[in-house]
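For reference, the structure discussed in these notes is given below.
Taken together, the values in this text are just the output of simple stated rules run on the coordinates, not laboratory data. From a predicted model like this one, the values you see are computed outputs, not experimental measurements. Methodologically, a virtual Cβ is constructed for each residue, glycine included, from the backbone with ideal geometry; neighbour enumeration extends over all protein chains shown.
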Amino acid sequence: MPSVPQPKLGVGLLFNPVLPEFVTSHADAFDYLEIIPDREWSDRGVDATPRYATLDASFDLFRRVRERKPLLCHSIGLSIGSAGLFDLGHVDQINRIQTELDFAWHSDHLSFARLPGEHEMHTAISMPVPYDQEVLQLIKDRVEHIRAEVPCPFLLENNVYYVDAPDQEMSEPEFLNRLARESGCGILLDLHNVYVNSRNHGFTPESFLRDLDLSQVVELHIAGGDDLLGFYTDAHAGPVAEPVWGLLEDTLRAAPAVSAVTFEFHESSYPMLKTEGIVAELSHARRIWDRYA
Amino acid sequence: MSLAAYQEVLCRMVASAAYRERFLAQSDEFPGLTPLELHRLRTVAAQPGMRVNTAIHRANRMAPLHQTLPFTCFLLGEQLRETLDRFWGLYPSESLQLDTECGRFTHFLMEELNTGRVTGAYVEEVLLFERACAELRLRKPPLLRVVRFRHDPEPLLAALAQLELPDPAPEPGDYHLAIDCRQGDADFYVLSDQAAATILAPRS
């Protein structure tokens, strides 16, 4: 990835529960819609039959949007880095909704959150995997399975982290570069995650972008954050963090394969953003997109 | 499966500050870890970012409950935090799925109410109402539910919709509120005693 160039989709929006009306009434404000499928189904557990129950209202809306615009799938539930668990049922479910909604591509996070066991445990936060050869091989094998099962491109997103394990064999950009080159997955580069990590761990985002193979980046995420316990967090709080706009310009200038820029915000920020705020963030992103894409 | 053991310790440290303290004090006693993994875990356990992980873990576990049981969370007020501590202590996080977490918390909270560890004039009836609504959003049958209220549900739910306590207090009594999703969107209406008895009567 991206051995086959992806279509230029433009500027899009990550769907959340406050957006159904916006999606219908402001369809001109975004070029595509990205959905988190895990929030639109009920998962009764890996041993349940049937395992998944999708929310009819959400999927009705997605089908209507799909008639006019591309959809992207951004899952949060695979936990691809879990050493003791690879959820084939989750991959099957992504394939089922891909068949129905025909995503341009689908993605998940380069992290782990689930532990297997009689009672599976979920950390409720994406934890970083160690950037070691052992983990690279583990994830490459899983990407191979996903790409064989789901007939559209697959991307993995760089993670945000608040603790930093010492003595890892590779840096994060080096791990991402090798993973993309050797597995065929693309990179979903979350610029806010880069900014968050740079602030909390004392490096410059520019150095991260310099080390990353930007030719492998297919999609960008932009968002805002918040302060917590002396850290800056990836809270998706309100508008895009101001420094991220500069990173977006730098990245689009240097990354010709980028096909999409997605604005993310948490639904709890809606009272702050309101409709006008969402439109303003999308318009800002579009002005930058139009200059470089 | 050394990596699996590493990930398990890391996850448990995120979920529990007490586990983290125990690991820092007795890390030599944790089996299955390589010297490098022990070194990494000792290092991250002592980093201030681990407190951020735990805070986000708690906030994200709270989110499904707040989303599906907002009135119940409001009514619990200052009891909410200690109730969640007990709930999370008993039930490690298995899923962020709304239905799973909501169902488990409903069961737990009913036990807390029965034993008197949690109190509140309206908590039980509002909890059962919100649980029924959550199940109906997933189109779980039966699509006609009847929730018994011990107070007039109309002023009670109207006040809670504004995240306020009803003032004056709703009239006590025996009320049956129907939530009817058989035609699609939910329709709410208070049943007469006779209608409630008919709907609630066991089918032969």
So for R0 = 25 Å, FRET eff. of A:Thr204-A:Glu134 from the Cβ-Cβ r, to 0.05, ends up at 0.30
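Quick one: putting +1 on the C-beta of Lys and Arg, -1 on the C-beta of Asp and Glu, what dipole do you get for chain A around its Cα centre, in Debye to the nearest 20? Present the calculation step by step, with values, prior to reporting the outcome.
On the way: 23 positive and 46 negative charges, 167 e Å.
Roughly 800 debye, rounded to the nearest 20.
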So the compactness index of the range B:2-47, its C-alpha Rg divided by 2.2 N^0.38 Å, takes the value 0.98
With Cα springs under 10 Å, the Gaussian network model of chain A assigns the largest mean-square fluctuation among A:Ala223, A:Ala57, A:Ala254 to A:Ala57
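Between rounded, prolate and oblate, where does the range B:52-200 land on the alpha carbon gyration tensor, with a ≥ b ≥ c its root eigenvalues, rounded for a/c under 1.5, else prolate if a/b exceeds b/c?
prolate
When the helix-only estimate is applied to the protein assembly as shown (DSSP H runs of n ≥ 4, each -39,500 (n - 2.57), divided by the residue count), what is the mean residue ellipticity at 222 nm, nearest 500 deg cm²/dmol?
-15000 deg cm²/dmol
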Output field shielding_mean for B:3-14 (other chain Cβ, 10 Å radius) holds 6
With unit charges on the beta carbons (Lys and Arg positive, Asp and Glu negative) and the dipole taken about the Cα centre of the range B:2-47, which residue among B:Ala4, B:Gln47, B:Tyr19 sits farthest to the positive side? B:Gln47
Per its Cα gyration tensor (rounded if a/c is under 1.5, else prolate when a/b beats b/c, else oblate), chain A is best filed as rounded
Nitroxide proxy distance, nm - points 7 Å out along Cα→Cβ at B:Leu191 and A:Ile36: 3.7
Please report, in debye to the nearest 20, how large the charge dipole of the protein assembly as shown is about its Cα centre when each Lys and Arg carries +1 at its beta carbon and each Asp and Glu carries -1 there. 420
Centroid-to-centroid separation of the range A:6-47 and the range A:190-249 [C-alpha atoms, Å]: 22
Once both labels are modelled 7 Å past Cα along the beta-carbon direction, what's the A:Arg253-B:Glu111 spacing in nm? 6.0
Between the Cα axis of helix B:17-26 and the main Cα principal axis of chain B, the angle (0 to 90°, nearest 10) is 20
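Over the range B:2-47, calculate the relative contact order: mean separation of alpha carbon pairs under 8 Å at least 6 apart, over the residue count, as a percent.
47
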Say the dipole of the range A:32-172 comes from +1 at the beta carbon of Lys and Arg and -1 at that of Asp and Glu; which of A:Leu33, A:Ala113, A:Ile76 then lies farthest toward its positive end? A:Leu33
Over the protein assembly as shown, with a single point scatterer placed on each C-alpha, what log10 of the ratio I(q)/I(0) does the Debye formula yield at q = 0.07, 0.08, 0.09, 0.12 1/Å? -0.41, -0.54, -0.68, -1.17
For the range B:36-47, take each phi angle, set θ = phi - 60°, evaluate the Karplus expression 6.51 cos²θ - 1.76 cosθ + 1.60, and give the result in whole Hz per residue in order, putting x for glycine and proline. 5, 5, 4, 4, 5, 5, 4, 5, 5, 4, 8, 7
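Over all residues in A:45-54, what is the mean tally of Cβ atoms on other chains that come within 10 Å of each residue's Cβ? Intermediate results must be reported in sequence, preceding the final value.
Details: counts 4, 0, 0, 0, 0, 0, 0, 0, 4, 2.
For this peptide, the per-residue mean of nearby foreign Cβ atoms is 1.
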Is there a simple number for the mean count of other chain Cβ atoms within 10 Å of the Cβ of residues in A:112-121, and what is it? 5
GNM result for chain A, Cα springs below 10 Å: residue of A:Pro239, A:Pro17, A:Pro205 fluctuating most strongly: A:Pro17
Contact order normalised by residue count of the range B:10-162, Cα under 8 Å, 6+ apart, percent: 21
Which residue, A:His266, A:His106, A:His74, has the most motion in a Gaussian network model of chain A that connects Cα atoms within less than 10 Å? A:His266
When DSSP assigns beta bridges and you keep just the ones with both residues in the range A:1-123, what percent turn out antiparallel, to the nearest 5? 40
In the protein assembly as shown, if the dipole is taken from +1 on Lys/Arg beta carbons and -1 on Asp/Glu beta carbons about the Cα centre, which of B:Ile199, B:His57, A:Phe103 is farthest to the positive end? A:Phe103
For the range A:59-184 (alpha-carbon point model, no solvent) the Debye-based log₁₀ I(q)/I(0) at q = 0.09, 0.15, 0.22 Å⁻¹ works out to -0.28, -0.73, -1.33
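Between A:Arg291 and B:Asp180, what's the calculated FRET efficiency when r is the beta-carbon distance and R0 is 51 Å? Round to 0.05. Each step should come with its number before you reach the end.
Details: r = 54 Å, r/R0 = 1.06.
About 0.40, to the nearest 0.05.
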What does the charge dipole of chain B about its Cα centre add up to, to the nearest 20 debye, if the Cβ of each Lys and Arg holds +1 and the Cβ of each Asp and Glu holds -1? 840
